[in-house]
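J.: The structure's right below; bear with me while I get my questions together.
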Amino acid sequence: MLNTIWKDVDDYLVDKLIPSDEILEGVLQTNKEAGIPEIDVSPTQGKLLYLLAKIKGAKNILEIGTLGGYSSIWLARALPETGKVYTLEVEPQYAKIAKQNIQNAGCASKVEVIVGKALDTLPTLKDNDLLFDLIFIDADKPNNPHYLKWALELANNGALIIGDNVIRDGEVIDKKSEDERVQGVRQFMDLLEKEPRLESTAIQTVGSKGYDGFVISFVK
């Protein structure tokens, strides 16, 4: 159950640090009206992704899981004019709405929405010799271990790999959980623990999206 003070503090932080943005607010409203699940990153988390991409100086970004394009727009805004976000979405209707939202945000030239199962479309990126400076994994959690393996295949040296929703109300520590999403995250964590090419940490978060967290990894 969402602690009301978490949301109140999030509202305070947004008011202080994130200027009102009719375009992004409109994206969330459009997504809601279209019946897209309201599981986007929060505004503070979107701004974090934006800042990480800017700090990194990212030019090519891969996003696994588009929904309605809210986080795609945050990431695209961090890119130089020649930069590109490749975002993967399994649901054709969500992808259609995302493309329109991205167009309305003036980011169409910086974002390519690729429709299909990510495990089918990721190999095409490899075939096209694409490599990425930042990879954001925010899709179906049971496949997180597979997405991490592909992220390593597609990452430039020094890239950042960010995984969302890795705490899951604290359920991540329950090794007996019958929730396949929790088990997917646990396997993801096991891979991070053993992967010598990565330096990783995780951050627990509370706020308007409840209790969850990010993993952030640096590719050596």
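J.: In whole percent, how big is the carbon plus sulfur part of the accessible area of segment 98-220, probe 1.4 Å, protein atoms only?
T.: 46
J.: Express in nm, to one decimal, how much length is gained between Asn3 and Lys194 on full extension, taking 0.36 nm for each residue of separation and deducting their alpha carbon distance.
T.: On the way: separation 191, 0.36 × 191 = 68.76 nm, distance 3.47 nm.
The span from Asn3 to Lys194 would gain 65.3 nm if fully extended.
J.: At what distance in angstrom do the alpha carbon centres of segment 156-195 and segment 96-147 lie from each other?
T.: Here the two parts' Cα centres lie 20 Å apart.
J.: Report the accessible area of Asp21, computed with a 1.4 Å probe over the heavy atoms of all protein chains in place, in Å² rounded to the nearest 10.
T.: Here the residue's solvent-accessible area equals roughly 40 Å².
J.: Report the residues of segment 22-41 in range of a label on Arg181: point 7 Å along Cα→C-beta, backbone N strictly under 16 Å from it.
T.: Within reach of a label on Arg181: 36-41.
J.: With 18 Å as the limit, write out which pairs from Lys117/Lys141; Lys7/Lys141; Lys16/Lys56 have Cα-Cα distances beyond it, or answer none. Don't jump to the answer; show the numbers that get you there.
T.: On the way: Lys117/Lys141 13 Å; Lys7/Lys141 25 Å; Lys16/Lys56 24 Å.
Distance filter (> 18 Å) returns Lys7/Lys141; Lys16/Lys56.
J.: Report Leu28's accessible area, 1.4 Å probe, all protein chains in place, as a number in Å² to the nearest 10.
T.: Roughly 60 Å² of Leu28 is accessible to a 1.4 Å probe.
J.: Separate question: Please identify the GluC sites (Glu not before Pro) of segment 124-220 that satisfy two criteria: DSSP loop assignment and at most 16 other Cβ atoms within 10 Å. Which are they?
T.: Passing both the DSSP loop test and the Cβ count: Glu178.
J.: Rank Asp174, Asp169 by accessible area, highest first, at a 1.4 Å probe radius?
T.: So the residues, ranked largest to smallest area, are Asp169, Asp174.
The values are calculated or read from the model by the stated rules, or taken from the named source; none is laboratory data. Just so it is clear, the model here is predicted, and its values are computed rather than measured. Positions of Cβ are backbone-derived with ideal geometry, glycine not excepted, and every protein chain shown enters the neighbour counts. Calculation scope for accessible area: heavy atoms of the full protein, side chains included, ligands and nucleic acids excluded. Shrake-Rupley method; radii C 1.70, N 1.55, O 1.52, S 1.80 Å.
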